[in-house]
Structure formats: structure tokens, C-alpha cells
Number of protein chains: 4
Amino acid sequence: MSWNTFGRVLRFTTWGESHGPALGAVLDGCPPRITLSAEDVQPFMDARKPGQNRFTTQRKEADLVRILSGVFEGQTTGTPISLMIENTDQRSKDYSEIAKSYRPGHADYSYDAKYGIRDYRGGGRSSARETAARVAAGAVARLIIPEVKITGFVCELGGDKIDRDNIDFAEIGNNPFFCPDAEAAKRWEEKIDAARKAGSSLGAVVECVAEGVPAGWGAPVYAKLDSDLAAAMMTINATKGVEIGDGFDAARLTGEENADAMRPGENGPEFAANHSGGTAGGISTGQPVVCRVAFKPTSSILTPVDTITSDGEATQIRTKGRHDPCVGIRGTPVVEAMMALVLADHKLLHNAQCG
Amino acid sequence: MSWNTFGRVLRFTTWGESHGPALGAVLDGCPPRITLSAEDVQPFMDARKPGQNRFTTQRKEADLVRILSGVFEGQTTGTPISLMIENTDQRSKDYSEIAKSYRPGHADYSYDAKYGIRDYRGGGRSSARETAARVAAGAVARLIIPEVKITGFVCELGGDKIDRDNIDFAEIGNNPFFCPDAEAAKRWEEKIDAARKAGSSLGAVVECVAEGVPAGWGAPVYAKLDSDLAAAMMTINATKGVEIGDGFDAARLTGEENADAMRPGENGPEFAANHSGGTAGGISTGQPVVCRVAFKPTSSILTPVDTITSDGEATQIRTKGRHDPCVGIRGTPVVEAMMALVLADHKLLHNAQCG
Amino acid sequence: MSWNTFGRVLRFTTWGESHGPALGAVLDGCPPRITLSAEDVQPFMDARKPGQNRFTTQRKEADLVRILSGVFEGQTTGTPISLMIENTDQRSKDYSEIAKSYRPGHADYSYDAKYGIRDYRGGGRSSARETAARVAAGAVARLIIPEVKITGFVCELGGDKIDRDNIDFAEIGNNPFFCPDAEAAKRWEEKIDAARKAGSSLGAVVECVAEGVPAGWGAPVYAKLDSDLAAAMMTINATKGVEIGDGFDAARLTGEENADAMRPGENGPEFAANHSGGTAGGISTGQPVVCRVAFKPTSSILTPVDTITSDGEATQIRTKGRHDPCVGIRGTPVVEAMMALVLADHKLLHNAQCG
Amino acid sequence: MSWNTFGRVLRFTTWGESHGPALGAVLDGCPPRITLSAEDVQPFMDARKPGQNRFTTQRKEADLVRILSGVFEGQTTGTPISLMIENTDQRSKDYSEIAKSYRPGHADYSYDAKYGIRDYRGGGRSSARETAARVAAGAVARLIIPEVKITGFVCELGGDKIDRDNIDFAEIGNNPFFCPDAEAAKRWEEKIDAARKAGSSLGAVVECVAEGVPAGWGAPVYAKLDSDLAAAMMTINATKGVEIGDGFDAARLTGEENADAMRPGENGPEFAANHSGGTAGGISTGQPVVCRVAFKPTSSILTPVDTITSDGEATQIRTKGRHDPCVGIRGTPVVEAMMALVLADHKLLHNAQCG
């Protein structure tokens, strides 16, 4: 895997900046003869796209995906699939402040330290706009693993967790937060409104469950499913933590409490619990694969923060412009996309060695 | 990166099983003319090696490392460094029970589901014994980044956290738990003794801090330092979660609280806090890189657990033999090794593009 | 390296089919702060583009390159550079014959055997049109290695070799064959005219010389400069052989004849000869790197050839349409591009380990 | 692929120097449940090993292979297979001359230029002794592709070609030259004896034929079978050229002459010829895959050659010691091993995407 490429045998490469003419992904290694058109991709783009309600950035992007290669007469050919999304609402605003000062928590300073140059318009390559390309690639990946059902949702927002007894996946589409708990969704509405008015921002935790993964995907030692999922999730903007199964809570259990006891079942073993999140030794067990991802509150806030200019002088900065008050929300379709891409990759990888 | 290889330009490949004749690592891409001998590696092996006190497995391994290639007259030559550790205490015990039944939480079932075969002696390739090879490779990696000081420690054991105000790195070597809080170390001694007597096991959280990392290491988008660290840590046996900086706690802060305000300093910017754990946009900021890793309690416990045989029949299993009551403890040198390997890789990667 | 990606630290991925809407390359790992605009790329596109004279295919393509990412205010930023070329002259012709029958020597049959589907319009992904994307990437690669001067030329056409005593690099641009020998160029004109009239095609050998490569690029053992160049050249359509230095002729020399004796020089050693083509042990010696590539005659000929239909029936096929009578000619800029890409990659790779 | 690793999903990494304690290969990605023991590997080691007759180096190495991992109860487990060969005849000789002066044509100067250090004992990592490790890995690769029969032979030695009408594969084992033409073998015996007496050396061309490769292996564009084979062969010491099928001769044919006409056959198409060497568009056609590799004469000769010292002074050097008068001969089993490794890799790669 290189800098802007992810995957082992199903590999995708993304390119593009927030305010460039376009961005895209090249997905390589897709099996042939899968029915694919832009219509298969667009719904996932729509789920992620900005400007849909007052809880996300007001940038308006249609996020229409064009498939430029790899499909012939409605079917994949096994050659690279080039997916392109044109940027249409790169508002011509004044970037002079960001050009001259570093926003704490952003990639402004670190990019300059590394490259000696940065595209400061909207964060350039460090913008979460890059994730649009992954969602497109992820939509194709889903078609490679039709046996798997992937469900992402926000399970915690601003420190307020959903009630696990109140989870109803059918609710996820009924609110702008990908929240499976209708009660929590109501509370969150107020929380975000308050944060937005205060010029502040909130963090969130996104959970993703993949049902239907057969036992045997994943590969020791450095391609463990846990490791590839962790890597995938931690490439998403604003993520600072990842857990498989019980994650950090598992560190607080005893061996007996944490054991997922097995018993004979009709289709392979049945498990008394799923503390492990569907993997053992990095290989899937047949249980649902469960992953949780922590998103920090976006550092693009209206509250002034101490910082320095690119010349090293002390100053303060307020990040005006159109920003998500809680980037974790729109991170949900991205987490799903990464889950799909990792699982599809491991399905093919399993075919390679054990097919 | 292939299955048993990790890294981008500094790459290591490990091989070997728990009860095979030997195990080892091949480290490729090491710069030339670094002074290296087995004496540079052995102290790190000794820190990880089993059988040193009653809180770890009683398997006795000298874990002596032989350097078989890549060094000439005491200096690295730029060619692959082959590191080999012979297994000496593969006790000839009766594995018939493990051969026939799956230990819940272990890789027994998932390996069989994947490969249709497994080396059941001591867990074969899924054994944490594999980490000895990484520690050896990590010791070499440290020599590539002499500007960086890496300190790993257990910050939570069985749910009992250290007191952050009581951290003294000098204490880490004074107890068998890599614990920087002398008070906590005393409590943990009792906890582990109790768990061991109960035939149970405990989880732990390991923290690792790398000081001296200059700004500019790490690469967008799929080679973010956060992502590579997460991947690295989640390849270690029994890990189920990873955090950079504040991690999941960051999801509970507001944007203002989480901002690491900057001010001019003598050697680049100074930061008012390090919530981000030393990275922004996946690139180091010059602050200490901070990572935390959750280890589940080992599933090798004496308490009987329901399971199935390889023929699919219901049974119960108790894991006798020599096991760590808390694998997180000996995971500490492994976490350090992975930190060193990732950072050294990124130093070279930075040289490649921006050198 | 994946299927459609080439390179180690400077990596490019190409996508696109002959008759799709566009094709392109994503170049990843380019150093920052290199001055780059489409004007730097276009001259190399123009050298390769079709329809410029009667000796190449009459397909008319402007081959205008758009840089969609990775450049800000005229400088590279270190992020992926997306290069796109729109197809404009995908003539709507009748492909029914090619759809139903396999052209011997083409990828028609092998693609179908592999994928069970193929984009038969103009050869789809197997078309030499893909090389336009590489030429674009190669133009950027040249800017990474300004110290190197790359010169490609046809040294043999239809079995007729240039006179080595008559080489004048200034002549290369004076004829449509990239021929450095004015006399040979005249003979070749007649040869190709005759082949074209006969509905036949001719093979060619392209030579490429890179001057200014310092000693020390290339890496043992599986990243030898010889190996990476051979791999690079053999990915070009219609290539069937590659040589470094004297190549196959070296196999006919004795050890004394083949030795490139050394003597002290002002800037490092001087060599009495360059049988080795500028490498020893896979690493550059400071001499010019010399490579030769054999192009077979294109199999797209008007002469009928026995073949089978996709249903396995016997038939004959004549390949009508617009084809190069000698694909080696337009292969010359592609060979140059691949030389630039390999050398730039190795410059960065050298920086990584030995920088 | 990294510096000392080759392959895509079946990957091997070699390590070790000519005069170190040992050398070896780690083969990763091998399918599970293949019967494997050292006895499967040893015959191929024996074919390559030195000191078997007066036509090769007199260094005596048993080249016994130990399998240190990846096999359990006689079967592969899917985990990395570590293969180790101890060096036993690293004769303690005086290397002071080679330490101080560069042998023209060797890697002495280029290694020093790159690394600033070199293990001059027997060439260190640049020694052809490294190929022992590949032969071991190749022996395992053969077991992954039991459907394929690989035959390597010397087809030209010192400029003297075999008579193609006189090829009898049964003869290959009857002479010390892997020569399938009994008449040529007699001539070569005299040629080599003469060269050896003159303190000179000879080049050779090795041909390798793989029968039984099904249609569909290989992958466009940068994993073409032709490209991967070319890369593989050009990593072997002393190689300077590679051809697939007719290779450079194809450049001298017309399109009609070069076309491999097809007709219906019982098991897929039959071909009237195999100019293409079994590939089209980089993908196998079902015909035998044919590859030819040019080996230069070894530069280790007794005849004095002008050179420089490591201090840059003019001097002369004669390479005493034990060397092959024609390295191409013992290159034959290495060419076979690389063919096996590339084909096995592509079989698995095909499984991944199209399985």
C-alpha cells in the first residue's frame, strides 16, 4: 500500500482536493461480470453528501459520480474502475486568513512542516471531501460481497450514548444523525443546535456491524481483519480511536466474562456472545463483525483559538465558513464504505490463498 | 504489505510457530552504516521474555537473537537483516485436547475454518510467541531513529487505572508490570495473584509515548501516522482497541476543549495541550506521539468454558499449561517495538518524498 | 505493485479503455514544490499522439492532458497528481466482427478466457491507447530527475538496423520514425509504405539512453535497476524482449571482452566501455543507462488469418480500421516515459534508505 | 514488492550473504494442505549446487535446506515457510585485494557508491549464492502448480547455439550443461575447458518452457505475465536480457509471419505456431510459456583488468578464487525456479479476482 492507495488485492487509490476541479477513486482488482452502473453508487453518495439539513455543512454538492472505465455494457470487466466526482460548489471565498495562519487541530501546520507548501483552500487534500471518493469505491465493494449486510450508525454524540435496548435499525434513516435510537435522536438535535449556536462542535462515535461474513476471512499476522479495519477507519478524517468488538471494555473483563462460548449450531457453531466482534486471531468467526470509531469534534470552530502565523507570530484564529458541527455524523457512510472495502478485499484475498 | 510483512519502505517479515524449531524476522530497507550487534537487540528481548516472574507464563526461553545477515564488521550494510530466535522450551506436552476441541476466544476455530489445518501446538502461528520476532526487529528500528525516545507502560490493569498525577517513568523498571505508578503496581500485584489463583485472567491497557518525533512524519491519506500505528498495534495478539491522543475521550469534548492551541516557541511552535497525540491530518506535529492499546484478558483460562469439538460436538474445555494471566503486561515491549518500526518507516518514507 | 499500478515509492496507476470516455493516470509520491503545469506534459503527449503522418494510425486525438489534482499555484504539493485525457475520436464503427471472432496475436482470446467478458471496442483496456496515460505520468517523472537526460530512438525497423557510426541524436526529430540515422530513415520510409500497401506490419527495436544517472540508484536484489526497467518495458503493448547494455550480445562475449575496465577520472571513475549498460549488480555505475526493447509487428493486419469465433467455430479475420503499421515507432515516447518513471522512482527509493 | 521481496500474493523474501553463516527465503501466501518436506526441495538444490563437476565453481556446499516454519505434520499450513541453508564452505581466504580494489563488471563499485559499505567477502549480498534461496522457494512454488511442467535448458553457450532439430529433453540430465542437444554438449565441453584454461569466462542463453499453463493467467496492465517474468529473470545475477516467445526475432517478422493462427481444438483453441511464447496482452493463451534469458560471461576472470582502488587510484585486478567459468549453466535451475514462482503467483492472483 502506498500513500494514497489502500487494499491488498482489491486496491483503491483516491485523488483530489477540496477546491480542485474534481476528485475521484480508481478501484483496481474488482472481479469481472458484476452488474454496475452509476445508479448503484449514487444512493451512497447521497447519504454522505453535504448540505442536506441544518446539522451538516451548507456546502451544496450534487456529488454525482461518473464511471469512466472498467464497465462495459453494464458489467465490470475486471479492469480498473475510475470514479470521478466534480466539485461544483467551491465557493470563491477569501482564504487569506487560513493561508497565513494555522488552525490548531487541522492539518495546516503539519502539511506545511512536511511539504513546505499546502493547498489551503478548504483544507486541500486534508479535507474530508476526499471521503466522497471512498464512498463511491465502497459502493462498488458492496457488490463484491452481496452476502454481507453492512449497517453503520452513530452510537454516541457529544458524550450522549444511545440506549442499547432501544436500537432499531429501521430508525437510522428517520433522522439526520444515522441514529438507531429515536429517543437519542431527539436529544441530539438539541445538542447540535446548541453547539452550532455557540460556534462550537461535538465529537461522536460511529458503530458499524457487518452481518453475513463467513468464517475464514482475514489473514495472520499483518493482515488481521482487526488490523486492516483499524487502519481503514483511522484514515478517515477526525478519527482518533477504533475498537473491534468490546474494544477497550474488553480490557476491563475477566477471561470468563470475555469468552464467547461455543455450542453446536445448524450452520456451524453458535456463540453465546460476541465480545470479540466477530474475529479470533484476526480471522472472522462467522459472527457479525463489529467495529466502533471515535470522531473528535471538528477543530473548525467560530470560537477564537490561539495560534501562530506561517511566519511564526502569535495570533488568534476563528474558522468561519461552512463546516459540520459534528463530523462524525457524515462519517457514518464513510465508515460503512471502509468496512465494505476491507471485507471485499479479504474475500478476494481468501480466494487467492484458500480458494 | 503482504500477510506476514509490515511496513512501507522499512519492511519486516516474520515467520515461525510457537512450537517449531525457531522463529524470526527479516528486516528489509534498513539504512547502511548503523552500528549493530546482537547486544543492541538482546535487552529488548529480555524485557519481553517469558518466565521472569510469577506474573507471566512459566515457559523458559532464553530468547537469544542471532543476526544471520545484513551486518558486516559491526555495521549494517543496507541488505536484509535476518534475526533468528530458536525455541528451546517447547515442552512436550499432551495437546490431544486442544487438537480435538476449539478454545473459545482463541484462533483455533477460525484458523481451521480458513485453512482446514492448524498447528495446534501452543497455538502455532497464532501464538503471541510470534511477537518475539517483532521485538527483535523493533530493536533495530530504534537505531534508525536515535532522535526518538519511546516509552511504553501499562496504564490500566483489570480496570484499575494508574493515577496520572503519580506517573514516574523511572518506576517502570521497578515492578513486573511496566507500571509508572508505584501505588498502582502494588494494587495490581494483588489483582493478578487473585486472578491467577482463580484460574482467571485480566485485561490491560498499554500506553506508548514517543518523544522527539519531528514535525512532518506521516503521509496522507492512507499512510497517516494514526492509521499505520493503529494497524501496527492491532496486529498484536489479544488487542481489541487503539487510540491516538485522547482517542475515544476526544469524542466527548467540544471543539474548544479539544483544540491544541499554538504559540510561538524557540524551536517551532509550542502547544497548550496534546489532545491530538502528536498528529494532525495524519502527520506528526512535533509533539509527543501518544498511543494506547487495549488488550483483552487471555482466553487461556482454567475455568471450563462451553465449546465444540472439531467434529462439531458439544463439550467443555479448560486451558491448562503455561499462560500469562495478563497478556497486556508482556505486550508492553511489543507495543514499543511496533511504535519504533512505524516511526522508523515513516522517517525513511519522509526522506523518500521530501528528503 | 498491484495490477494497474507500477512503482515502489513513486507509483502510478492508469485506468481507461480505448473507446471509453477518457483515460488517465494517478501519480502518487511526487515530491512537493516542483513547478508543473499542463504545458510541461503536452509536448510528450504530442510526440506520441496518433494521426500525425501516414506512418501511424489515422485516429485523430488531441490528447490534451488535464491536471485534476496535486498542483497548487503552479507547484506540486506532494499529493496525488491526477492526469486525465479525454477520448474524442472513438469512431462509431461496426465492431460486430471483432466482437464475435478472436484476432490472433491480440488479447481478444486471452481476455475472454480470463474474465469471461471483454470490451471489444478498439481492444478496450488492451489497447495501446493506455500508453497515453503513462506518457503523461512520465512527463512529470522527468521533472523529478532534472539531472538525467533521456533519449529514445528506433534502432531497428523491420530487421533493418541503423548504422551505429551514423547516429546523430539531432536527427531524431527530423523524421517520423524517431530515427537518429538519416540514411536509415529514408530506407524505413520505403519499408513502411510497402508494408502498409501490402496490408502487413513490421516490428522494431527501440533503444533508450539515460545520461546523468549518478552511481548508486537501484537496489538489490528484487529491485535491481535492470529488473525494474525490464518489467517496465515489458508492460508496453507489443513488446517481447528487453536488453540492458549489450544484452543478448553480451552472452556471446568472453569475460575480458565484456569487462568495462575502470580508471581514475575527475568525477569518479571513468570506464573504458559500457557493455553493462550502466548497471552493476542492479545498481547504477554512473555510466549512461542503456536499454533496448523489441516490439513485435502489430497483429492488426489486413491479410486474412485463420481464427475461431467466440463460439469456437473456425473462421478467418482481417483487421480493418486504423492501425499503426509499426507500433514500435510510437512506442518510443512510451519507452522514454517508462525509463523516466523507473529512474525517478529509484532516485526517491535511494533517498529513503541512503538519503 | 520491496527490495528483497518478490511476488504479489505469493511473495518470497530472501536474505543472506555469500560468506555469512546462512541464507534463506521466507515464502508467504502458500496455500494450505500441500504435502511438503525437505525431500521435495532438495533435488532442486542439488541441481544448482556448486562443486559437482569441473565446469562449475569448486566451492563445496551441501546446500541442505531446513524448513523452519509453515509445515505441520507434513503439510503446509498457509503460514510463512522459512527455508534456511547454512553456508559451510566459506573458505577463509585473503580478501584484502578485493577489499581494496573494485572488480570491473562486479557490484563492488556500485554497492560502495550506494551504501558506503560492502561485505566484500565473496561478493556479499551480490553473490549468486543468493539464488540458492530462490531455488528452495521455487521448489515449493512448483507444488502449487502441479498442472505445469517446467523445463529449463541452456540453448546457447559462448555464442554456439543448440540445433533446434536436435532437442531431446531427456538429454538435459545427461551432461553438465543442462543441454538438450547431445552434439552441442560435446562442443561446449571443449569450449569451457578452453576458457577455463585461458582464465576467461563465457556467456550463455537459458531457455525455459512451461507446459500446462491454462489460458487466463497474468493480468493487465502492470502485472502482465511477460512483465513479471522479465522482472523475475532480470533479478538473477549476470542476466542482461530476456525474451518471451520469439523476442527480438519477432521484431524482424511481418505481421503475417508472426501471427499465431487459431483453429478449433478439442480442449480450447489450437494454435498454428507459438511466436508469442504463450501470452497475448500479458495473459496466458494456453500454449507453452517460453522465456529466454541472456547471461553475460562472469567478470571474475584471471586475466588482469584495469581498475581503481577504493581510494581512486589506478591499479589492475585478477579475480582468483573459485568461480564458474560460465554462470549461465548453474543459472538454469534458477531460471526454472523463477518461472515456477511467477506462475504460482499468477495462479493465486487469478483465483483472487476471477476464482
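Relative to the Cα centre, the charge distribution of chain C, modelled as +1 at Lys and Arg Cβ and -1 at Asp and Glu Cβ, gives a dipole magnitude of about 1140 debye.
Take each residue in D:100-106, count the other chain C-beta atoms within 10 Å of its C-beta, and the mean is 5.
In terms of its C-alpha gyration tensor, the range D:1-66 has an oblate overall shape, because the principal axis ratio a/c (a ≥ b ≥ c, square roots of the eigenvalues) is not below 1.5 and a/b does not outweigh b/c.
Measuring with a 1.4 angstrom probe and ignoring ligands and nucleic acids, C:Thr315 comes out at about 50 Å² accessible.
Amide H to amide H, with H built 1.01 Å from N, B:Thr5 comes under 5 Å of A:Tyr222, counting only residues 5 or more places away or on other chains. Simple point charges give the picture: +1 on the Cβ of Lys and Arg, -1 on the Cβ of Asp and Glu, and for the range B:98-171 a dipole about the Cα centre of about 600 debye.
Normalised by 2.2 N^0.38 Å, where N is the number of residues, the alpha-carbon radius of gyration of chain A equals 1.02.
For chain A, the longest principal axis of the C-alpha atoms and the axis of helix A:327-354 are separated by about 40°. In nanometres and ascending order, the distances from the D:Ala99 label point to those of the other copies are 5.4, 6.1, 7.4 (point 7 Å from Cα along Cα→Cβ). Mean partner shielding of peptide C:280-292, defined as the number of other chain Cβ atoms within 10 Å of each residue Cβ, is 5. Taking Lys and Arg as +1 and Asp and Glu as -1, the other residues whose beta-carbon sits under 15 Å from that of A:Asn267 total -3.
C:Trp217 sits with roughly 10 Å² accessible to a 1.4 Å probe, with DNA, RNA and ligands left out of the calculation.
With a ≥ b ≥ c taken as the square roots of the eigenvalues of the C-alpha gyration tensor of the range B:100-208, please select rounded if a/c is under 1.5 and otherwise prolate if a/b is larger than b/c or oblate if it is not? Present the calculation step by step, with values, prior to reporting the outcome.
Numbers: a/c = 3.10, a/b = 1.36, b/c = 2.27.
It is oblate, given that a/c is not under 1.5 and a/b is not larger than b/c.
Mean residue ellipticity at 222 nm, helices only, chain D: -8500 deg cm²/dmol; runs of at least 4 DSSP H residues each add -39,500 (n - 2.57), and the sum is divided by the number of residues.
Projecting the Cα atoms of C:Asn258, C:Tyr115, C:Pro32 onto the dipole axis of chain C, where Lys and Arg carry +1 and Asp and Glu carry -1 at the beta carbon, places C:Tyr115 farthest toward the positive end.
A point 7 Å from Cα along Cα→Cβ stands in for A:Gln52, and the other copies hold the same point at 5.0, 5.3, 6.8 nm, listed in rising order. The angle between the Cα long axis of helix C:131-144 and the main principal axis of chain C comes to about 20°, on a 0 to 90 degree scale.
In whole percent, how big is the carbon plus sulfur part of the accessible area of chain A, probe 1.4 Å, protein atoms only? Carbon and sulfur: 47 percent of the exposed surface of chain A.
The residues packed around D:Ser69, meaning those with a beta-carbon under 14 Å from its beta-carbon, carry a net charge of -1 if Lys and Arg are +1 and Asp and Glu are -1.
Between 0 and 90 degrees, the angle of helix D:182-197 with respect to the longest Cα principal axis of chain D falls at about 20 degrees. Computed from the Kirkwood radius of its Cα pairs, the Stokes-Einstein diffusion coefficient for the range B:204-326 at 37 °C and 0.692 mPa s stands at 191 µm²/s.
Mean partner shielding of peptide A:302-313, defined as the number of other chain Cβ atoms within 10 Å of each residue Cβ, is 4. The mean sequence separation of alpha-carbon pairs under 8 Å and at least six residues apart, normalised by the residue count of chain B, gives a relative contact order of 22 percent. Spin-label model, A:Tyr95/C:Ser96: points 7 Å from Cα along the beta carbon direction are separated by 5.4 nm. A 1.4 Å probe, protein heavy atoms only, puts the accessible area of A:Ile144 near 10 Å². Each Lys or Arg adds one and each Asp or Glu subtracts one; over the other residues with Cβ under 10 Å from the Cβ of D:Arg187, this totals -3. Anisotropy class assigned to the range C:261-303 is prolate, per the alpha carbon gyration tensor with a/c at or over the 1.5 cut-off and a/b larger than b/c.
The values are calculated or read from the model by the stated rules, or taken from the named source; none is laboratory data. Source: prediction; values computed, not measured. Glycine also receives a Cβ, built like all others from the backbone with ideal geometry; neighbour counts cover every protein chain displayed. Surface areas here come from the heavy atoms of the whole protein model, side chains and all, with no ligands, DNA or RNA. Shrake-Rupley method; radii C 1.70, N 1.55, O 1.52, S 1.80 Å.
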